[in-house]
Amino acid sequence: MNALVLRLIAARIGLALVSLLLVSAVVFAITALLPGDAAEEKLGLEATAETLAALRHEMGLDRPALLRYGDWLAGMAGGDPGRSVVSGALVGQLIASRLPNSLLLAGLTAAISVPLALGLGIAAAMWRGSRFDRAVSMGAVAVVSVPEFLIATLAVLLFAVQLRWLPALAYTGPDAELAELARAYALPVFSLCCVIISQMLRMTRAAVVDQLRAPYIEMLRLKGASPLRMVLRHALPNALGPIANAVALSLSYLLGGVIIVETIFNYPGVAKLMVDGVTQRDMPLVQTCAMLFCAAYLLLVTVADVLGIVSNPKLRHR
Amino acid sequence: MPASSAPAPALPAEPPRRRLPRLPLPGLLGLAVILFWLATALFGPWLLSPEANAPGADEVFGRLGAAHPLGTDYLGRDILARLVLGAGYTVGVAIVATLLASAGGTALALLAAVRGGWADGTLSRLMDTLISIPSKLFALIMVAAFGSSVTLLALTAALIYVPGVFRIARSLAVNINAMDYVAVARSRGEGELYIMRHEILPNMLGPMLADLGLRFVYVVLLLAGLSFLGLGVQPPEADWGSLVRENLGGLPEGAPAVIVPALAIASLTIAVNLLIDNLPGRGER
């Protein structure tokens, strides 16, 4: 670690915070300013000019947009995003009750897909041009160009309906046994893995292949190093930055994946909460979930960049 | 593999790219599938009998058969008819959105590259902000705020993919903008619009067209995903994503009503990928 690396990392984190602030402005502008206002929606057909004005005043909608944005932002940052319009429950509590479920799903998916994708990617790079490499690459392209819900649907059809190995619904309740838990999570985790593995695999393969083309590998081959040693000891450390970057970026695809997968398997996570919120047009809920997802996304992208900076020896040893 | 194996005699009046490019077999296959779905979307609805979309008296979630070649859906409607009607939404909306995104992104990128300075800075910053909102999430926010309609879906999908187009187009345009012939045009006193349209744009058309194909795949997947969540095309109309959703009840029986539309989406997106990967001039690097 030296001053240059620290400065680059600090700049990257600062940029992420600025992005988050701008994103919050976009989210607020779309959901709270443009489409009429919440008072109109609440009163519906019974709205008269007087009741509308009264309700607007009561809800604070007659204040300048910038002030309202400031309040909203302060509430969001202080962990109190307000109440759900539909159920009246505190949005913070709603999300807190769902967040562990989503994190568990995402964590399981990452724990399985990252080693698998790295292994396959490195193997494909080692035997590049072989039948194995082509099969893996073809599979990755096929999975990427197919909608997530197709994979999930086909998985349910095969494993739950035809073979009857696994249940089609995911949630088992808080005190299920481990075997039951594993069976319940198998299908959602499998579907999510498919979504993110192909991207990670392709980027890993590209990063390792890139290193294997370098002159120092040629030198190693002339010296008679074994292929395994060449890849693991020499190419891999140099490809670590791009690979770490690929992993963090691919994990950010989880965000899109969970929205579909939680809905299909009726899994009580944050993404399902948000989709339900959109259906019922529950704005405070949608806003909070949106900011949560954007923050997670920016976090992963920033981690990817920071890993790229840290793993670059040109920057580290100066 | 040489790009043009046929002898190309020096005939300046006939540039070689005017000839039909030769596609490898997978590329031709992709092209055929794309043309098939395009034709279905354009002419299919005319070939259907008017009552094809009406709830039939036939069995629900029927199998493949003579009366209904692709089976029936959850209301006993003919899946083939639903699929043909849905093609218009899936293919049509995606094409409109992709063209809008590509045109908008390219225009803004040209502006940013030619103007430079604060215009470039502001536009790039704005696009970076939009790109840091995941696509599905952005679509959910838009639908929550404005309600779902076909116009909104097309505009939202276009808006979501403008930043991606902008990034690629800007990096291309900035490079071309530094070329000598652009400097010559500038010193001739040509206007910004002329430089954008006649000097830069023709030289970035190739990569932008390949990008267009990829964006189309993303848009199709995004719209299908939205419809699958029940937030896209609203019933009684249906695109292929909504067909999967409304027939999800037939999944336990393995009804064709669920699988056929899902496979239709997959065939379209894989076909576009095949075509792009096999376009002449790609894959050689």
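For the range A:171-217, filtered to residues that are basic (Lys, Arg) and modelled with pLDDT of 80 or more, the residue that is surrounded by the fewest Cβ atoms within 10 Å (Cβ to Cβ) is A:213.
The rows are residues; the columns are (1) assigned to a helix (DSSP H, G or I); (2) out of contact with any strand residue (DSSP E or B) (no Cβ under 8 Å at 6 or more places or on another chain); (3) open to solvent by less than 30 Å² (accessible area, probe 1.4 Å).
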site	(1), (2), (3)
B:187	yes, yes, no
B:201	yes, yes, no
B:210	yes, yes, yes
B:219	yes, yes, yes
B:227	yes, yes, yes
B:232	no, yes, yes
B:237	no, yes, no
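Do we have residue B:265 as closer than 18 Å to residue A:154 by Cβ, at pLDDT below 85 and within 9 Å of chain A (Cβ to nearest Cβ) here? In short, no. Looking at (1) within 13 Å of chain A (Cβ to nearest Cβ); (2) of a type outside the set (D, E, K, R); (3) out of contact with any Gly (no Cβ under 6 Å at 6 or more places or on another chain), which is the only condition residue B:206 fails? That leaves (1) as the condition not met.
Taking the range A:115-169 as the range and being within 11 Å of another protein chain (Cβ to nearest Cβ), surrounded by fewer than 16 Cβ atoms within 10 Å (Cβ to Cβ) and of a type outside the set (A, V, I, L, M, F, W, C) as the test, the residues that pass are A:162, A:164. When restricted to residues that are open to solvent by 50 Å² or more (accessible area, probe 1.4 Å) and either touching a Pro at 6+ places or on another chain (Cβ under 7 Å) or assigned to a helix (DSSP H, G or I) (or both), the range A:226-241 contains 9.
Residues in the range A:245-260 that are in contact with a Phe, Trp or Tyr (Cβ under 7 Å, 6 or more places away or on another chain) and either more than 26 Å from residue A:306 (Cβ to Cβ) or of a type in the set (Asp, Glu) (or both): 1 in all. If the condition is being within 7 Å of chain A (Cβ to nearest Cβ) and not β-branched (Val, Ile, Thr), then the range B:131-146 contributes B:132, B:134, B:135, B:136, B:137, B:140, B:142, B:144, B:145, B:146. Evaluate the range B:217-228: report whether one residue or more is more than 11 Å from chain A (Cβ to nearest Cβ) and either within 14 Å of the chain's Cα centre (by Cα) or at pLDDT below 85 (or both). Within the range B:217-228, one or more residues are more than 11 Å from chain A (Cβ to nearest Cβ) and either within 14 Å of the chain's Cα centre (by Cα) or at pLDDT below 85 (or both).
Take the residues in the range A:258-274 that are part of a loop (DSSP other than H, G, I, E, B) and either in contact with a strand residue (DSSP E or B) (Cβ under 9 Å, 6 or more places away or on another chain) or open to solvent by 10 Å² or more (accessible area, probe 1.4 Å) (or both), then tell me which one is farthest from the other protein chains (Cβ to nearest Cβ).
A:268
The single residue among A:259, A:197 that is in contact (Cβ under 8 Å) with a residue 12 or more places away in the chain and under 26 Å from residue B:252 (Cα atoms) turns out to be A:259. The set of residues from the range A:275-291 being buried (at least 19 other Cβ atoms within 10 Å of the Cβ) and part of a helix (DSSP H, G or I) comprises A:275, A:277, A:278, A:283, A:284, A:285, A:286, A:287, A:288, A:289, A:290, A:291. Residues that are among the hydroxyl-bearing types (Ser, Thr, Tyr) and in contact (Cβ under 8 Å) with a residue 60 or more places away in the chain occur in the range B:117-135; there is at least one.
So which residues in the range B:239-258 are hydrophobic (A, V, I, L, M, F, W, C), buried (at least 21 other Cβ atoms within 10 Å of the Cβ) and assigned to a helix (DSSP H, G or I), if there are any at all? Even if it seems obvious, please write down each step before you answer.
Going residue by residue through the range B:239-258, those that are hydrophobic (A, V, I, L, M, F, W, C) are B:240, B:243-244, B:248, B:251, B:255, B:257-258.
Among the residues that remain, those that are also buried (at least 21 other Cβ atoms within 10 Å of the Cβ) are: B:240, B:243-244, B:251, B:255, B:257-258.
Within the range B:239-258, B:240, B:243, B:244, B:251, B:257, B:258 qualify.
When restricted to residues that are surrounded by fewer than 18 Cβ atoms within 10 Å (Cβ to Cβ), aliphatic (A, V, I, L, M) and within 12 Å of chain A (Cβ to nearest Cβ), the range B:106-129 contains 1.
Residue B:149 - would you say it is more than 12 Å from chain A (Cβ to nearest Cβ), polar (S, T, N, Q), farther than 20 Å from residue B:220 by Cα and open to solvent by 10 Å² or more (accessible area, probe 1.4 Å)? So residue B:149 fails the test. Within the range B:155-179, the residues that satisfy the criterion of being open to solvent by less than 10 Å² (accessible area, probe 1.4 Å) and either of a type in the set (Gly, Ala, Ser) or touching a strand residue (DSSP E or B) at 6+ places or on another chain (Cβ under 7 Å) (or both) are B:157, B:158, B:169, B:173. Scanning the range A:277-298 for residues that are facing another protein chain (nearest Cβ under 10 Å) and not hydrophobic (A, V, I, L, M, F, W, C) yields A:277, A:279, A:280, A:281, A:282, A:287, A:297. With respect to the stated conditions, residue A:301 is facing chain B (nearest Cβ under 9 Å), more than 26 Å from residue A:93 (Cβ to Cβ) and either open to solvent by less than 30 Å² (accessible area, probe 1.4 Å) or of a type in the set (A, V, I, L, M, F, W, C) (or both). Just a yes or no: is a residue in the range A:69-87 open to solvent by less than 40 Å² (accessible area, probe 1.4 Å), in contact (Cβ under 8 Å) with a residue 40 or more places away in the chain and within 14 Å of chain B (Cβ to nearest Cβ)? Scanning the range A:69-87 turns up at least one residue that is open to solvent by less than 40 Å² (accessible area, probe 1.4 Å), in contact (Cβ under 8 Å) with a residue 40 or more places away in the chain and within 14 Å of chain B (Cβ to nearest Cβ).
The values are calculated or read from the model by the stated rules, or taken from the named source; none is laboratory data. Note that the coordinates shown come from a computational prediction; the quantities given were computed from them, not determined experimentally. Glycine gets a Cβ as well: all are built from the backbone with ideal geometry, and neighbour counts include every protein chain shown. Just so you know, the surface numbers come from the protein's heavy atoms only, side chains and all, with ligands and any DNA or RNA stripped out. Shrake-Rupley method; radii C 1.70, N 1.55, O 1.52, S 1.80 Å.
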